[in-house]
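> Supplied in structure tokens, the structure appears directly below.
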Amino acid sequence: MGIFEGSLSRKNQVEFAKNLKAYQYVSPSASIMERLFLNDFWHWFVTCLPMWLAPNAVTVIGFTHELVGWSLLVYMDPTFGGGDHATWVYILFAVCQFIYQTCDGADGKQARRIKAGSPLGELFDHGLDSLIVGMMNPACMAMIGIPVISLPSFIWSVFTVFAFYFSNLTLLHVGRQKFFDFDAQEIQVVCQCGYVATGFLGKGIWRTVVPMPTLVMDHVPSFLAPYFASDGCPVGLLLVLLLSFGPINNCIESVIYIIKNAEKCPEKDRDSEGRGMSALVQQVYTIIVYGVLYVSAGLCLTKYTVIDGGVVVPFCVLQALAFTDIMAHLLVTRVTKLPFPTLVRCRGLWFQFMFFITCAVPLYYEIDSDIAYAVRAALAGGILLSTMQYAYIMGWEMSAVLDINIFTIKHLKSAD
């Protein structure tokens, strides 16, 4: 496909409709927190929802709360160039994230309850989840006092989005999504507890030093050394390092799971668009390029003498939306069997590359800071419009084929 060719340009209407209507989502296994209490809570919560409330509307309600909480955090926290620090914003953010998590867990149950499930609902849910993953990472760094523009932050952010991406690859290639005992829900619960603790006790709790053996301190990697104390590791950094093992392990296990179980994919889908070893290689190196561009742009920014909101916010927004763009194409490939874009056709990567250029050039040539800020803000706005445009055309096309409305229930059926 050419670089300027749209995803729908090679759509065979008959095949498109057939694939879309035949698609069935297989629920993944539950993680620890889901088994312990989250699933029971979501089942209770969904009984409180009116029967006329569309599942996608539930998803939007949760996403709106997360977006409002994140926006307030950016506005209030000096980490993002905001005003005077107010710890209460972290308590509010914890509440907003809990509402998002609850709606995210309940939207599928609402769909089954009122018999209004559809592939479009799954894409809508997972697409917004991918954006939330990118937004949540900088918030975690701000909470524990690690600069958002720092190598530890980049590593944490890249591996968490990688884990989300590879989890969705298991559904594409095997037919059942692989969840782990320690997965996204567990990280969200830990973060929510951290936000509440920060709100009541302040950020100082994360700077408490945990003594470390001399053997450990002598082998601290150079890129982490500036964030360690002379005699130990701050609680916040230690938490990030420990939590990072989960996403890293999940990425590795997801790839192994795909290689071992690809033959279990339904025979009709095994060799279809987006499946197979060559497709897997393409999808893996696409996300690796994303990670390289993410870290490269970030490392350029670490060399700036002034890192304020005009630098941090566009960086966070653009990287989150670039990942959302890649995930959106992956989800569409999974459901409709439209081609997954090659590197040159991945618009998110192009925006990332242009953003990297705007970060690297000022290190070698003097450029007016206002102009640089304006260009970065324009790129962040541009990828937002690009992602929304893709979501709109795909949502419109799918809703027309499935004869459904996106945010309302067209034909309400009685529940069993």
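Rule-based calculations on the coordinates, nothing more; no lab input. Keep in mind that this is a model prediction, so the values were computed, not measured. Positions of Cβ are generated from backbone atoms using ideal geometry, with glycine treated the same way; all protein chains shown enter the neighbour counts.
> Starting at the first residue of region 117-125, write each ³J(HN,Hα) from the Karplus equation 6.51 cos²θ - 1.76 cosθ + 1.60 with θ = phi - 60°, in whole Hz, x for Gly and Pro.
Using θ = phi - 60°, the values come out as x, 7, x, 4, x, 5, 5, 4, 5 Hz.
> Rank by packing, highest mean first: peptides 167-176, 353-362, with packing defined as the count of other Cβ atoms within 10 Å averaged across residues.
Details: 167-176: 21.6, 353-362: 18.2.
Result, highest mean Cβ count within 10 Å first: 167-176, 353-362.
> I need ASP231, ASP183 ordered by Cβ neighbour count within 10 Å, fewest first.
Ranked by crowding around the Cβ, least crowded first: ASP231, ASP183.
> Another question, then. In which sequence would GLU263, GLU186, GLU15 go, from the one with the fewest C-beta neighbours within 10 Å to the one with the most?
GLU263, GLU15, GLU186
> Another one. If the elastic network links every pair of Cα atoms under 10 Å, which of ASP125, ASP308, ASP40 fluctuates the most in the Gaussian network model of the chain?
The residue that fluctuates most here is ASP40.
> Which entries of LYS178/LYS337; LYS21/LYS115; LYS18/LYS178; LYS18/LYS115 show an alpha-carbon separation above 22 angstrom in the structure shown?
Beyond 22 Å: LYS18/LYS178.
> In nanometres, what is the gap between the two model label sites at CYS193 and PHE353, each 7 Å from Cα along Cα-to-Cβ?
Result for the modelled spin labels: 4.4 nm.
> For region 329-338, just list the computed ³J(HN,Hα) in residue order, Karplus coefficients 6.51, -1.76 and 1.60, θ = phi - 60°, integers in Hz, with x standing in for Gly and Pro.
3J(HN,Hα) across region 329-338, in whole Hz: 5, 5, 5, 5, 4, 4, 8, 9, 6, 6.
> With everything on Cα atoms, drop me the angle between helix 13-22 and the longest principal axis of the chain, reported from 0 to 90° to the nearest 10.
For 13-22 against the chain, the angle is about 80 degrees.
> A further question follows. How large is log10 of I(q)/I(0) for region 337-396 at q = 0.14, 0.18 Å⁻¹ when the intensity is taken from the Debye formula with one equal scatterer per alpha-carbon?
Result of the Debye calculation: -0.51, -0.72.
> Between (i) 71, 40, 38; (ii) 63, 49, 41; (iii) 75, 44, 43, which matches Cα extents along the principal axes in Å calculated for the structure shown?
Looking at Cα extents along the principal axes in Å for this model, the match is (ii).
> So how far, in whole Å, is the C-alpha centre of region 303-363 from the one of region 137-187?
Value for the Cα centre distance between the two parts: 16 Å.
> Still on this structure: Please turn the phi angles of region 219-234 into ³J(HN,Hα) values with the Karplus equation 6.51 cos²θ - 1.76 cosθ + 1.60 (θ = phi - 60°), one per residue in order, whole Hz, x for glycine and proline.
Result, rounded to whole Hz: 10, 5, x, 4, 6, 9, 3, x, 9, 8, 8, 5, 10, x, 10, x.
> Given H placed on each backbone N at 1.01 Å, which residues far from VAL210 in sequence or on other chains put an amide H within less than 5 Å of it?
CYS233, VAL235
> Gaussian network model of the chain, Cα springs within a sub-10 Å range: biggest mean-square fluctuation belongs to which of ARG113, ARG376, ARG334?
In this elastic network of the chain, the residue with the biggest mean-square fluctuation among ARG113, ARG376, ARG334 is ARG113.
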